[in-house]
Each structure stands twice: as structure tokens, then as C-alpha cells.
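So the structure is just underneath, and the comments pick up after that.
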Amino acid sequence: MAEVRSKNHQTMRDIPTGISRLFAANSAGIAVLLIARRSWNGLTSSIVAFLLRAPGLRLGPGCRVIGGRHISFGKGVYAERNLWLEAVTSYQAQDFHPQITIGDHVCFSDGVHISSIANITIGCHCLFGSRIYVSDHNHGIYKGERQSNPEQPPAHRLLGGGGPVVIGENVWIGDNAVIVGPATIGRGAIIGANSVVRGVVPANTIVAGAPAKPIKAFNSQTGTWDKA
């Protein structure tokens with residue numbers, strides 16, 4: 001009996017840490033189902049990564065990548081559930097030539113929606129919270145020429161009225177944030193939860209609110225975040 005216990009103990013020690021934690025936190029049946037789901041997601045992610053030429057891409061359940069010919073992935077991009085990533089090439093009678101560029105090791109939490117008809121660039125090592133919307137356009141045009149008529153259903157209005165979105169490296173975007181172009185977010189910036197961003201966010205700055213405004217900026221001399 002002691003020999004059997006010793007072998008079982010050694011076997012458990014040989015199991016990767018992540019799997020050991022699953023068995024420790026769940027019943028054996030649930031743990032096996034979770035492992036099977038992860039294995040299936042890993043297989044499908046590998047296939048999608050190969051087709052999209054996206055080394056190390058990992059996609060959780062419910063993720064959608066539309067217009068992949070117009071999307072460039074860096075290495076090690078990770079997405080939790082329900083990422084909706086779309087390069088829109090046509091909408092009703094309109095045709096577009098979008099480009100979405102995602103840097104290395106970008107992480108998306110649940111329910112992120114990114115939509116482009118022109119240009120969206122995301123720098124390396126960015127972290128997206130849950131339920132974030134990023135777009136370079138609107139349903140309708142509300143300034144300049146060809147402005148939309150409110151009598152027309154929003155879904156039938158022309159796409160446009162926005163501008164390019166550029167998100168620098170090491171940016172952290174909080175839950176429920178909305179970013180609509182034209183927008184430029186500098187390297188190391190932090191976007192507070194529930195914020196609405198348009199325009200320029202300086203590097204190494206925390207912004208929050210609707211519309212988002214600077215509340216703190218990083219002081220490289222003192223190593224502290226000071227009130228803006």
C-alpha cells in the first residue's frame with residue numbers, strides 16, 4: 001500500500017501545475033471536462049493561428065475574427081471569451097480597405113469588440129479589460145459633408161465619421177471603455193473603467209471619465225504617479 005501511495009504521489013508531482021490546480025479546485029469529472037475543453041480550444045487556436053499567420057495566438061470560446069486578410073497579429077496574442085475582431089471590407093453599398101495591426105503579447109479579456117473600416121493599431125504588451133469597444137468609425141456621419149438624417153434607421157446609415165486609432169505599447173484599458181477614432185493613446189497610458197476616449201491621451205498618463213480627462217501622470221524622476 002505504501003508503495004502504491006508513493007507511486008500515486010510521484011504521478012501527481014509529474015502533472016503540470018495548471019492541471020494539478022484544476023483537480024485540486026474541482027471534482028475529478030469537472031476537471032477532466034475543463035482539461036478537454038482547453039485541449040480543444042488549444043487545437044482550434046493552433047489551426048486559426050496557422051491560417052492567420054499569427055504565431056502563438058490563443059483564442060477562447062466564442063471568439064470571432066472576420067476579415068483576417070486585413071488583420072496582422074504579433075506573437076503570443078491571447079484572447080479570452082467572445083472577442084469580436086472585424087476588419088470591415090464592405091457595408092451595404094460601401095467598400096473599405098481596412099487594416100488592423102496587433103503587436104506582440106497583447107491580451108484581451110472577455111467581450112472585447114474591435115471594428116475597423118480604415119486603420120487601428122495596437123502596440124505590444126497592451127492589456128484590455130472586459131467589454132471594451134474600439135472603432136475607427138460610427139454608424140452615421142455627423143459633421144462635414146454627407147451628414148446622416150435622423151429619419152434614417154441607424155443600421156442603414158453610412159459608416160464613417162471617425163478616424164484612425166493608434167494605441168501605444170504597454171497600455172492598460174479598463175473594463176467597459178469606449179475608444180472611437182480619431183484617437184491616439186500614448187505608450188504606458190492607463191484608461192480608466194467606463195471611460196470614453198477620443199483625441200490624444202499623452203504617454204504615461206491615467207485618464208478617466210466620459211469624455212476621458214487626465215487625472216494622473218507618471219513622474220520618472222520620483223517614480224510616482226502624480227495628480228495631473
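Looking only at residues in region 61-103 that are polar (S, T, N, Q) and not in a loop (DSSP other than H, G, I, E, B), the one that is farthest from Asn119 (Cα to Cα) is Gln94. Scan region 130-145 for residues that are basic (Lys, Arg) and surrounded by 10 or more Cβ atoms within 10 Å (Cβ to Cβ) and jot them down. Passing the criteria: only Arg131. Would region 66-75 turn up any residue that is among the hydrophobic types (A, V, I, L, M, F, W, C), surrounded by fewer than 17 Cβ atoms within 10 Å (Cβ to Cβ) and either within 14 Å of the chain's Cα centre (by Cα) or more than 20 Å from Arg198 (Cβ to Cβ) (or both)? Yes, region 66-75 has at least one match. Would you confirm, using the coordinates I've provided, whether Val180 is under 22 Å from the mean Cα position of the chain (by Cα), at pLDDT 95 or above, surrounded by 15 or more Cβ atoms within 10 Å (Cβ to Cβ) and outside any loop (DSSP other than H, G, I, E, B)? Spelling it out, Val180 is indeed under 22 Å from the mean Cα position of the chain (by Cα), at pLDDT 95 or above, surrounded by 15 or more Cβ atoms within 10 Å (Cβ to Cβ) and outside any loop (DSSP other than H, G, I, E, B). The set of residues from region 201-228 being loosely packed, with under 12 Cβ neighbours inside 10 Å and not in a loop (DSSP other than H, G, I, E, B) comprises Asn219, Thr224, Asp226, Lys227.
Here the condition is being touching a helix residue (DSSP H, G or I) at 6+ places or on another chain (Cβ under 9 Å), in contact (Cβ under 8 Å) with a residue 24 or more places away in the chain and within 23 Å of Asp175 (Cβ to Cβ); of Ile120, Ile100, it holds for Ile100 alone. Within the group Glu169, Glu145, Glu151, which residue is under 15 Å from the mean Cα position of the chain (by Cα), in the same structural domain as Glu86 (by TED's automatic domain parsing) and assigned to a loop (DSSP other than H, G, I, E, B)? After applying the criteria, what remains is Glu169.
Taken over region 91-128, the criterion of being under 21 Å from Asn194 (Cβ atoms) and aromatic (Phe, Trp, Tyr) is satisfied by Phe108, Phe128. Taken together, the criteria exclude Asp175 from residues that are surrounded by fewer than 18 Cβ atoms within 10 Å (Cβ to Cβ) and outside the structural domain of Leu83 (by TED's automatic domain parsing).
The values are calculated or read from the model by the stated rules, or taken from the named source; none is laboratory data. Remember, predicted model here, so these are calculated numbers, not experimental data. Neighbour counts run over all protein chains shown; Cβ positions are idealised from the backbone, glycine included.
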